[in-house]
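Scroll down for the structure; my scribbles are underneath it.
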Amino acid sequence: MVTLGIDVGSITAKAALVKDGKLLSTAVIVTGYNSKNAGEAVFEKILSEAGVNRAEIKGIVATGYGRNSVSFAGKSITEITCHAAGAHFLNPAVRSVIDIGGQDSKAIVMDEAGKVKDFAMNDKCAAGTGRFLEVMARALEVDINDFGSMSLKADNPAKISSLCTVFAESEVISLIAKGEKRKNIIAGIHESIGSRVAAMAGRLGLTSPVMMTGGVAKNIGVVKALEGKTGKSIEVSDMAQLTGAIGAALIAMTL
Amino acid sequence: MTTEGQAPDPEKEKRKIKSVKKMKEIMTNYYIEAKSAEQTGKKVAWITSGGPVEPLIVMDIIPVYPENHGAMIGASKMGVDLCEKSEQMGYSRDLCSYARSDIACAPVNGGPIGGLPRPDMLVCCNNICGTVLKWYEVQARYFNVPLFILDTPFCHTEFSDEARKYVRKQVDEYIEFLEMVCGKKCDFDRMAEVGKLSVRGQRLWQEVLDTAAHKPAPMSAFDAFFHLALIVTLRGTQTVIDYYTGLLEEMRERITSGISAVPDEKYRLLWDNLPVWYKTKWLSEKFAAHDACLVADTYTSAWCGSLKYIDENDFLGTMAEGYSRIYLNIGVDEMAETVIEMVDKYDADGVVMHSNRSCKPYSLGQYDIQRIVQEKREIPTLMIEADMVDERSFSESQIETRIDAFMEVLKAR
């Protein structure tokens with residue numbers, strides 16, 4: 001049986017095909033302005049890449065911020081439940097998930113079956129999210145994909161004290177004006193995200209092993225900062241960004 | 001006239017609470033009377049929501065509630081405009097949105113009813129928060145009217161004898177203040193009578209709320225948010241008793257005929273903190289779509305929560321304690337106990353907490369209360385960050401995800 005998970009996030013749309021409990025194929029595109037179109041586009045992409053026929057797909061679950069705009073999905077499930085299911089698939093031992101996506105960050109605690117026990121989400125502010133990093137990358141004129149490796153070279157991470165994206169950006173700009181090295185500013189940004197997310201996760205109480213999911217998990221600097229602030233080692237799968245879509249495809253199997 | 005295509009959904013019609021019409025009439029008449037006080041020669045006092053209103057009723061003064069007005073501003077989605085106006089006047093966005101919208105309303109007669117009637121005096125009781133002190137000082141200066149402040153010490157763990165004497169003494173001073181402003185003596189026989197009416201009104205309100213302990217609940221917290229207005233504004237009058245007697249009867253009839261607030265109630269939730277006034281319909285429909293009913297809340301029950309401290313035969317002597325030991329003026333441990341009692345009484349499956357940017361005393365201990373409830377009752381809790389009036393602090397898609405995820409957790413249990 002083939003099922004599909006579609007995760008329409010605020011920055012990227014992801015798709016995962018699962019066949020008989022095994023991952024068959026995945027796809028990622030940029031969401032862009034129209035989340036409805038993004039859902040369809042990523043669907044088309046995965047079908048053509050995997051060489052799977054639409055009729056073969058027996059169930060579709062949509063997740064992510066655009067989950068309700070995916071008209072061809074049988075059901076929409078929140079990314080909290082889907083990330084837990086996806087993380088459990090990637091490593092059944094995992095008991096906690098930190099998911100930092102484009103628009104928000106979440107901490108999730110699960111049971112041994114991958115079922116959500118409790119979760120916490122950031123407040124309305126975008127600080128500590130992927131969008132925050134994008135804003136900072138623009139201010140620093142650095143490719144966001146280089147953030148992780150650059151921050152690891154920092155000799156003296158800068159202090160970014162503001163929790164607000166707008167204020168933090170102006171702090172970064174004044175650091176640039178002072179001639180602070182890029183690598184130190186970037187490390188400081190990662191530290192500030194780490195503090196913020198660790199505070200939220202601490203309130204929830206993380207149980208090890210902890211896995212980080214979502215697009216921001218690709219940034220090794222944020223992962224290291226989070227490990228430092230939470231005092232726990234954090235594993236990251238190659239599939240981090242696709243965890244929600246994988247979870248959605250797995251849940252589609254049970255419906 | 002309704003055409004066939006627009007005929008009201010009979011299922012929805014059946015669920016509508018019939019008393020609502022009467023309530024709207026009472027509130028309209030109340031505001032008309034208050035707004036025509038200048039013509040009729042009656043005096044108007046602005047008073048905080050937790051303040052002792054009974055002496056005002058005795059002295060024939062019309063009590064007016066800026067907080068009730070704030071709720072109306074929020075519900076009519078005029079909050080952002082007024083909050084921005086107050087920010088232009090120099091008030092910080094971090095201040096309470098009731099205070100901001102009320103302060104902005106006064107000079108322009110803004111809001112849904114064209115501003116509140118001009119006060120002859122202000123009565124401020126700090127049992128609900130500290131903001132009211134500065135807020136009422138601002139308004140006393142603006143209207144150039146006398147202000148009475150009733151100071152109720154915070155009851156961390158107990159209400160000491162010293163505190164009792166201290167507040168009791170202020171009750172006398174309060175009455176003297178009213179006598180001075182009105183130029184007439186207080187009728188203490190009438191005071192005893194109004195005190196009894198107040199207690200009866202509070203008991204009836206509690207009975208109305210208690211009907212939601214029935215499964216399925218005949219009313220939800222969203223209904224309580226609406227019907228609350230009377231116990232706040234007209235406590236101590238016969239009007240309250242007559243209205244709640246009728247409402248209680250209607251709720252009992254709904255129970256008998258199996259009419260529930262939510263069509264297919266499967267999950268029962270408890271709400272904490274003030275309503276998100278501009279989103280009550282959205283939230284109510286959102287939860288109902290998950291077959292969840294918010295069966296009770298800590299907010300509306302605050303107007304009958306301290307009944308146990310009041311002796312109806314010695315109202316004046318015991319109101320000091322009753323007004324001091326309300327939900328917002330007690331320690332977090334006792335608040336958590338109250339929440340747990342409510343979870344048990346209404347058999348709630350989960351707790352939804354509104355972390356209200358405006359109301360610091362209400363929101364401060366919520367993480368602790370959340371933890372205590374989770375430890376003692378092992379039920380899931382949800383935290384929603386918003387504001388009661390200022391829509392700028394509400395993110396619909398984020399809150400929708402949280403509610404959906406919370407319901408997924410509840411359903412998977």
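The values are calculated or read from the model by the stated rules, or taken from the named source; none is laboratory data. Bear in mind the structure is a predicted one, so any value in this text is a computation, not a measurement. Cβ sites come from the backbone with ideal geometry, for glycine too, and all protein chains shown count toward neighbours.
If we scan the stretch B:312-332, do we find a residue that is closer than 30 Å to B:MET407 by Cβ and crowded, with 23+ Cβ neighbours inside 10 Å? Looking for residues that are closer than 30 Å to B:MET407 by Cβ and crowded, with 23+ Cβ neighbours inside 10 Å, one finds none in the stretch B:312-332, hence no. For the stretch A:102-120, the set of residues classified as hydrophobic (A, V, I, L, M, F, W, C) and under 13 Å from the mean Cα position of the chain (by Cα) consists of A:ALA107, A:ILE108, listed by residue number. When only residues in the stretch A:61-82 that are under 14 Å from A:GLY244 (Cβ atoms) and more than 10 Å from chain B (Cβ to nearest Cβ) count, which is surrounded by the fewest Cβ atoms within 10 Å (Cβ to Cβ)? By that ranking, first place goes to A:ALA73.
Looking at B:SER198, B:SER260, which is the one that is assigned to a helix (DSSP H, G or I) and at pLDDT 95 or above? Steps first, please.
Values: B:SER260 fails: assigned to a helix (DSSP H, G or I).
Answer to the selection: B:SER198.
Considering only residues that are touching a Gly at 6+ places or on another chain (Cβ under 6 Å) and modelled with pLDDT under 95, which ones fall in the stretch B:290-309? Within the stretch B:290-309, B:SER306 is the sole residue that qualifies. Scanning the stretch B:383-398 for residues that are at the interface with chain A (Cβ under 9 Å from one of its Cβ atoms) and closer than 17 Å to B:LEU294 by Cβ yields B:MET383, B:ALA386.
Tell me yes or no: at least one residue of the stretch B:128-144 is within 30 Å of B:ASP172 (Cα to Cα), in contact with a Cys (Cβ under 8 Å, 6 or more places away or on another chain) and surrounded by fewer than 18 Cβ atoms within 10 Å (Cβ to Cβ). Even if it seems obvious, please write down each step before you answer.
Within the stretch B:128-144, the first condition is being within 30 Å of B:ASP172 (Cα to Cα), and the residues that meet it are B:128-144.
So of that shortlist, the ones also in contact with a Cys (Cβ under 8 Å, 6 or more places away or on another chain) come out as B:129, B:131-133, B:135-136.
Now drop any that are not surrounded by fewer than 18 Cβ atoms within 10 Å (Cβ to Cβ), which leaves B:133.
Looking for residues that are within 30 Å of B:ASP172 (Cα to Cα), in contact with a Cys (Cβ under 8 Å, 6 or more places away or on another chain) and surrounded by fewer than 18 Cβ atoms within 10 Å (Cβ to Cβ), one finds at least one in the stretch B:128-144, hence yes.
Looking across the stretch A:10-21, the residues that are modelled with pLDDT under 95 and of a type outside the set (A, V, I, L, M, F, W, C) come down to A:SER10, A:THR12, A:ASP20, A:GLY21.
So if I check each of A:VAL116, A:VAL142, which one is at pLDDT 90 or above and over 20 Å from A:LYS218 (Cβ atoms)? Break it down into steps so the answer makes sense when it comes.
On the way: A:VAL142 fails: over 20 Å from A:LYS218 (Cβ atoms).
A:VAL116 is the lone residue from the list that is at pLDDT 90 or above and over 20 Å from A:LYS218 (Cβ atoms).
Every condition in (1) out of contact with any helix residue (DSSP H, G or I) (no Cβ under 7 Å at 6 or more places or on another chain); (2) more than 9 Å from chain A (Cβ to nearest Cβ) holds for B:GLY365 except the one numbered (1).
At least 2 residues being farther than 16 Å from B:GLY50 by Cβ and acidic (Asp, Glu) is the threshold, and among the helices (runs of 4 or more DSSP H) wholly inside the stretch B:266-362 those reaching it are B:332-345. The residue that is farthest from B:TRP303 (Cα to Cα), counting only those in the stretch B:178-201 that are without any contact (Cβ under 8 Å) to a residue 40 or more places away in the chain and over 25 Å from the mean Cα position of the chain (by Cα), is B:GLY183. Residue check: B:MET407 meets all listed conditions (1) crowded, with 22+ Cβ neighbours inside 10 Å; (2) closer than 17 Å to A:LEU204 by Cβ; (3) more than 8 Å from every other protein chain (Cβ to nearest Cβ) but one, namely (2).
Residues in the stretch A:177-191: is at least one closer than 30 Å to A:LYS117 by Cα and small (Gly, Ala, Ser)? There is no residue in the stretch A:177-191 that is closer than 30 Å to A:LYS117 by Cα and small (Gly, Ala, Ser).
Going through the stretch B:63-112 one residue at a time, which ones are aliphatic (A, V, I, L, M) and within 30 Å of B:GLY236 (Cα to Cα)?
Kept after step one, since they are aliphatic (A, V, I, L, M), are these residues of the stretch B:63-112: B:64, B:71-73, B:75, B:78, B:80, B:82, B:89, B:95, B:99, B:103-104, B:106, B:108.
B:VAL64, B:ALA71, B:MET72, B:ILE73, B:ALA75, B:ALA99, B:ILE103, B:ALA106, listed by residue number.
Scanning the stretch A:43-85 for residues that are within 23 Å of A:THR129 (Cα to Cα), touching a residue at least 24 places away in the same chain (Cβ under 8 Å) and either outside any loop (DSSP other than H, G, I, E, B) or touching a Phe, Trp or Tyr at 6+ places or on another chain (Cβ under 7 Å) (or both) yields a count of 11. Answer with yes or no whether B:GLU173 is within 28 Å of B:ASP347 (Cβ to Cβ) and surrounded by fewer than 22 Cβ atoms within 10 Å (Cβ to Cβ). So B:GLU173 fails the test.
There is at least one residue in the stretch A:100-123 that is away from chain B (no Cβ under 12 Å), crowded, with 24+ Cβ neighbours inside 10 Å and under 16 Å from A:ALA245 (Cα atoms).
Yes or no: the stretch B:232-243 includes at least one residue that is part of a helix (DSSP H, G or I), among the acidic types (Asp, Glu), within 20 Å of the chain's Cα centre (by Cα) and crowded, with 16+ Cβ neighbours inside 10 Å. So far as the stretch B:232-243 goes, no, none of its residues is part of a helix (DSSP H, G or I), among the acidic types (Asp, Glu), within 20 Å of the chain's Cα centre (by Cα) and crowded, with 16+ Cβ neighbours inside 10 Å. Among residues of the stretch A:13-31 being touching a helix residue (DSSP H, G or I) at 6+ places or on another chain (Cβ under 6 Å) and not aliphatic (A, V, I, L, M), the one that is farthest from A:MET1 (Cα to Cα) is A:THR31.
Examine the stretch B:163-177 for a residue that is of a type in the set (Gly, Ala, Ser), touching a Leu at 6+ places or on another chain (Cβ under 8 Å), at pLDDT 95 or above and assigned to a helix (DSSP H, G or I), and state whether such a residue exists. Before the answer, list the steps.
First pass over the stretch B:163-177, keeping only residues of a type in the set (Gly, Ala, Ser): B:163.
With the extra rule that they be touching a Leu at 6+ places or on another chain (Cβ under 8 Å), the set shrinks to none.
So far as the stretch B:163-177 goes, no, none of its residues is of a type in the set (Gly, Ala, Ser), touching a Leu at 6+ places or on another chain (Cβ under 8 Å), at pLDDT 95 or above and assigned to a helix (DSSP H, G or I).
For the stretch B:372-391, the criterion of being without any contact (Cβ under 8 Å) to a residue 12 or more places away in the chain, touching a strand residue (DSSP E or B) at 6+ places or on another chain (Cβ under 8 Å) and either surrounded by fewer than 22 Cβ atoms within 10 Å (Cβ to Cβ) or among the charged types (D, E, K, R) (or both) is satisfied by at least one residue. Scan the stretch A:148-182 for residues that are more than 18 Å from A:ARG131 (Cα to Cα), in contact (Cβ under 8 Å) with a residue 12 or more places away in the chain, in a helix (DSSP H, G or I) and over 23 Å from the mean Cα position of the chain (by Cα) and the total you get is 3.
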